[in-house]
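Heads up: the structure comes next, in structure tokens.
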Amino acid sequence: VQIIDTEAEDGHDLMSTIDVDIQDMAEKALIAKLKEPMVNGILGMAIVMEVATGEVKAIVNMHRGKDGNYYEMKNSAVSDLMEPGSTFKTASMMLAMDDGHATLKTTVDCSGGIYPMHGRKMKDHNWHRGGYGVLTFSQILEQSSNIGVSRIIDEAYKDNPQRYVDGLRRLGVGIPLNLPFVGKGEPVIPQPNSKIRYWSKSDLPWMSIGYVTQQPVISTLTFYNGIANGGKIVKPKFIKAELKDGQVIREFPTEVLVEQMCKPSTLKDIQFCLNNVVSIGLGRRAGNGGKLFQVSGKTGTAQHGITTASDHGAFVCYAPADSKPKIAIAVYGEKAGHGTTMGQIAKAVLDTYFDNPEVGDVTTNENELS
């Protein structure tokens, strides 16, 4: 037997997209919020993505241990499937507008905060205070009205719910991201024509407000990143390049998943609504706070039952919204109370990002800053 002794060669290095400063800030802000007595979080996630490239600048997954401290135990933001809750309403409203079923002038009577929907009661979060009454299209998203969204979608698609589900996919909702991770989660979007799962009439209105479906947080962020990116959805990217002896031998380009989510007019109107969510709606806690950039986004809550207290809080946003957006953020907390509390975490990360001189100048309209 001939034994050949071959000298070992150094392996190749991979250049990550993670920014250690942003990662550190996101982690500190998330833990601080989870530790608040009124939050008492058991799980928190935060993802920061560069809009144009899809590069993930930070990804934080904090699980509370038995000792009460928080640890990175699992990449839940990529692997865990959960109901997206109110962050899903943006997709529903975008589709209704793109299909010609609604405009910014559309109004919906949200009644006294309780509305009968196929044998079940749809409630807005302020139902005990008498509800919202009549809301405009933008106000429905600003106030995250369950009734407003579900009435628009049910009226438009109840006779053909498959058209709603197919339309969501056209927008980029529920598409597989095919991320390079073991145990990654892919969105689960029920099909009305499926022979496996029974579809009831109430599924459509509840699906329209973020229930029935399941997806990982990174899928939700990827969708909103597309809104910020002019309608182009790009795949989240974690590796920039492959190196050998310090030299780049292969770069990983940005991969486009959806070239154009919707009509340009639809995108413009949805961007307008998302800006209002933060400037005058439920997302005000993530407002600009004196910083010279604007934020657009959507609050989110999800519950085990639509009438119970919130179990999950979320906030998804991008900035600067008054010029070409550079960064998108998704924050999620379990047992986190109302979703707007998560906006404070996003705000802390945004402040750190735009305080970095390497980011460059940010166009500002000071008259529009809150």
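The values are calculated or read from the model by the stated rules, or taken from the named source; none is laboratory data. What you see is a predicted model, and the numbers here were worked out from it, not measured in a lab. Methodologically, a virtual Cβ is constructed for each residue, glycine included, from the backbone with ideal geometry; neighbour enumeration extends over all protein chains shown. These area figures cover heavy atoms from the full protein model, side chains too; ligands, DNA and RNA do not enter into them. Shrake-Rupley method; radii C 1.70, N 1.55, O 1.52, S 1.80 Å.
Residues in the stretch 146-170 that are charged (D, E, K, R) and under 12 Å from ASN193 (Cα atoms): ARG163, ASP166. Quick one: would you say THR222 is at pLDDT below 95 and within 15 Å of the chain's Cα centre (by Cα)? So THR222 does not fit the description; no.
When VAL39 is tested against (1) of a type in the set (A, V, I, L, M, F, W, C); (2) more than 29 Å from ILE270 (Cβ to Cβ); (3) assigned to a strand (DSSP E or B), only condition (3) is not met. On the stretch given as the stretch 115-126, residues that are touching a strand residue (DSSP E or B) at 6+ places or on another chain (Cβ under 7 Å) and modelled with pLDDT under 95 total 0.
Could you tell me which residue of the stretch 139-152 is nearest to PRO116 (Cα to Cα), considering only residues that are part of a helix (DSSP H, G or I) and open to solvent by 10 Å² or more (accessible area, probe 1.4 Å)?
So, considering only residues that are part of a helix (DSSP H, G or I) and open to solvent by 10 Å² or more (accessible area, probe 1.4 Å), the one nearest to PRO116 (Cα to Cα) is ARG151.
Taking the stretch 162-187 as the range and being closer than 18 Å to SER208 by Cβ and either out of contact with any Asp or Glu (no Cβ under 8 Å at 6 or more places or on another chain) or open to solvent by 10 Å² or more (accessible area, probe 1.4 Å) (or both) as the test, the residues that pass are GLN162, ARG163, TYR164, VAL165, ASP166, LEU168, ARG169, ARG170, GLY172, VAL173, GLY174, PRO187.
Among the criteria (1) more than 28 Å from ARG284 (Cα to Cα); (2) in contact with a strand residue (DSSP E or B) (Cβ under 8 Å, 6 or more places away or on another chain); (3) among the aliphatic types (A, V, I, L, M), the one VAL78 does not fulfil is (1). Considering every residue within the stretch 48-64, establish whether at least one is open to solvent by 80 Å² or more (accessible area, probe 1.4 Å) and either part of a loop (DSSP other than H, G, I, E, B) or among the acidic types (Asp, Glu) (or both). No, that holds for no residue. Take ASP21 and decide whether it is under 22 Å from ILE218 (Cα atoms) and not basic (Lys, Arg). Considered against the rule, which asks whether it is under 22 Å from ILE218 (Cα atoms) and not basic (Lys, Arg), ASP21 comes out as yes. Screening the stretch 153-250 for helices (runs of 4 or more DSSP H) wholly inside it with 3 or more residues that are farther than 20 Å from ALA96 by Cβ and in contact (Cβ under 8 Å) with a residue 40 or more places away in the chain returns the ranges 217-228.
When restricted to residues that are open to solvent by 10 Å² or more (accessible area, probe 1.4 Å) and aromatic (Phe, Trp, Tyr), the stretch 218-233 contains 1. Residues that are among the acidic types (Asp, Glu) and under 23 Å from GLU186 (Cβ atoms) were ranked within the stretch 236-264; the one that is surrounded by the fewest Cβ atoms within 10 Å (Cβ to Cβ) is GLU259.
How about the stretch 278-312: which of its residues are open to solvent by less than 20 Å² (accessible area, probe 1.4 Å), at pLDDT 70 or above, assigned to a strand (DSSP E or B) and not hydroxyl-bearing (Ser, Thr, Tyr)? Residues satisfying the conditions are GLY297, LYS298, GLY300.
Can LYS326 be described as open to solvent by less than 10 Å² (accessible area, probe 1.4 Å), of a type in the set (Lys, Arg), within 27 Å of ASP19 (Cβ to Cβ) and modelled with pLDDT of 95 or more? No: the conditions fail for LYS326.
Could you check, for the stretch 83-91, whether at least one of its residues is open to solvent by 10 Å² or more (accessible area, probe 1.4 Å) and more than 24 Å from ARG170 (Cβ to Cβ)? No, there is no match, as no residue in the stretch 83-91 is open to solvent by 10 Å² or more (accessible area, probe 1.4 Å) and more than 24 Å from ARG170 (Cβ to Cβ). Here MET117 does not qualify as within 16 Å of the chain's Cα centre (by Cα), aliphatic (A, V, I, L, M) and surrounded by 13 or more Cβ atoms within 10 Å (Cβ to Cβ). Hey, THR254 hits all of (1) assigned to a loop (DSSP other than H, G, I, E, B); (2) within 17 Å of the chain's Cα centre (by Cα) but one; which does it fall short on? Of (1) assigned to a loop (DSSP other than H, G, I, E, B); (2) within 17 Å of the chain's Cα centre (by Cα), only one is false for THR254: (2).
Filtering the stretch 171-200 to residues that are at pLDDT 95 or above and out of contact with any Pro (no Cβ under 8 Å at 6 or more places or on another chain) leaves LEU171, GLY172.
Figure legend. Inter-residue proximity from the stretch 87-111: first residues in a strand (DSSP E or B), second residues not β-branched (Val, Ile, Thr), beta-carbon distance below 6 Å, spacing 6+ or different chains. Indicated pairs: VAL108/LEU135; VAL108/GLY148; VAL108/ARG151.
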